[in-house]
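First the structure, in the form of structure tokens, and then the observations on it.
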Amino acid sequence: MLTSKLAAGAMALIVPATVCLTGCSFGMFNTLNYKYDNADKYEAGNREIEDKITKINLDYASGDVKVKGTDTDSVSVKETVNRDIDKDHQVHTWVNGDTLYIRYCVSKDMISFNGIEKSLEVTIPEAQELDEFIINVSSGDIILDNFTTDSLNSHASSGDSKIACYARNIEHKTSSGDLNLIQKGNADSVNVKVSSGDIVISHEGDINSFDVNSSSGKIDIYQKGNVGTADVKSSSGGVKAEMGTVDNLTIEVSSGPIVLDADEVKNLNTKASSGHSDISLDKAPATSRIDCSSGGIDVSIPEESDITVHVKISSGDFNYELPFTKEGKDYVYGSGSNEMDIHCSSGDVGFHKI
């Protein structure tokens, strides 16, 4: 079994150990402990591969990695290094059937990388659709561009990631660094988690399941298409989302604003602990709950909407442009068939027509 201390969870089962023991800095290791299975089957150095590859498993300890689809018939693995290095320090590859394994260097308990800086470029035939692409980069930027894979599993411990390849299923984790995800085409699932860094997602196409989480950083989403279930959470930084039609949408922000502009959300749930919520919908949701502890709420829906609004405000005013009829504590417009709960602990609530 492959082991890893930097790539936790599921990635620990598929990538080798990459542990900086002494003198670690971005782009450079002094001493590295790097072990993986089947080490005797790997070849050292740059390589052209004529075999048909449908799976790629790539682990790179330190340095930028770029993988791109090109108009070629073979796979190319090429390193750029700041000085001459021996075979042990060169990139190592192994082709096992239709799977290409790429490793940072020789498998070894202790290997010195003092003063060595490397980066990697892998080119693959853009016409060849991969079944699986796995990448782990411990320290360095990731760029994935112009190729297709059914499954993408990427992990960046420290560094920015730009993902502009097409994948039907995406799992991405970044410990520290920004993510820019650009997708065109229908997807089954998109699951993104960034511990510290901003997230920008641009997607054209339908998505069954959409899960985005940032512990510290802004989230910007531009989604054109239909989404089944979307769950967006930001602990600190706020969320801005422009979306098409969503069956079920949850947005939670601990500190920062929520800005949502959507064609239609059938079931909506938003919660902002500290920050203003600005919700604009081209069609009133069937059911919705909008919570704000501090910061206020503004909701904009079409004038012809049929809606019943249940409002609870602890400290603040309720202002509205729609000609509501007051029924007890509720505000009703039209048939009132769609229901919206609004809770605001501190701040004004405004209802606007579009």
- Message: Go through segment 19-69 and report how many residues are at pLDDT below 85 and exposed (fewer than 15 other Cβ atoms within 10 Å of the Cβ).
- Response: 5
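On the given criteria, is residue 85 outside any loop (DSSP other than H, G, I, E, B) and either within 19 Å of residue 133 (Cα to Cα) or not charged (D, E, K, R) (or both)?
Working: outside any loop (DSSP other than H, G, I, E, B): no; either within 19 Å of residue 133 (Cα to Cα) or not charged (D, E, K, R) (or both): yes.
Answer is no for this residue.
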- Note on the structure: Checked pairs for segment 204-231, first closer than 18 Å to residue 165 by Cα, second surrounded by fewer than 16 Cβ atoms within 10 Å (Cβ to Cβ) and among the basic types (Lys, Arg), C-beta under 6 Å and 6 or more apart or across chains, list as 204/184; 204/224
- Query: Among the residues of segment 256-275, is any within 28 Å of residue 214 (Cβ to Cβ), in contact (Cβ under 8 Å) with a residue 24 or more places away in the chain, small (Gly, Ala, Ser) and surrounded by fewer than 17 Cβ atoms within 10 Å (Cβ to Cβ)?
  - Reply: no
- Query: Hey, any hits in segment 111-118 for a residue that's without any contact (Cβ under 8 Å) to a residue 12 or more places away in the chain and more than 26 Å from the chain's Cα centre (by Cα)?
  - Reply: no
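Within 12 Å of the chain's Cα centre (by Cα) and on the phi > 0 side of the Ramachandran plot: is that true of residue 225 in this structure?
On the way: within 12 Å of the chain's Cα centre (by Cα): no; on the phi > 0 side of the Ramachandran plot: yes.
In short, no.
Within segment 30-65, work out how many residues are in a strand (DSSP E or B) and of a type outside the set (Asp, Glu). Quick ask: steps written out before the conclusion?
Taking segment 30-65 first, the residues in a strand (DSSP E or B) are 31-34, 43-44, 47-49, 55-62, 65.
Right, trim to of a type outside the set (Asp, Glu) and you get 31-34, 44, 47, 49, 55-58, 60-62, 65.
Counting residues in segment 30-65 that are in a strand (DSSP E or B) and of a type outside the set (Asp, Glu) gives 15.
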- Item | From 298, 282, 291, 330, residue being in contact (Cβ under 8 Å) with a residue 60 or more places away in the chain and in contact with a strand residue (DSSP E or B) (Cβ under 6 Å, 6 or more places away or on another chain) | 282
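The values are calculated or read from the model by the stated rules, or taken from the named source; none is laboratory data. The structure displayed is predicted, hence computed values, not measured ones. All Cβ positions, glycine included, derive from the backbone under ideal geometry; neighbour counts span all protein chains shown.
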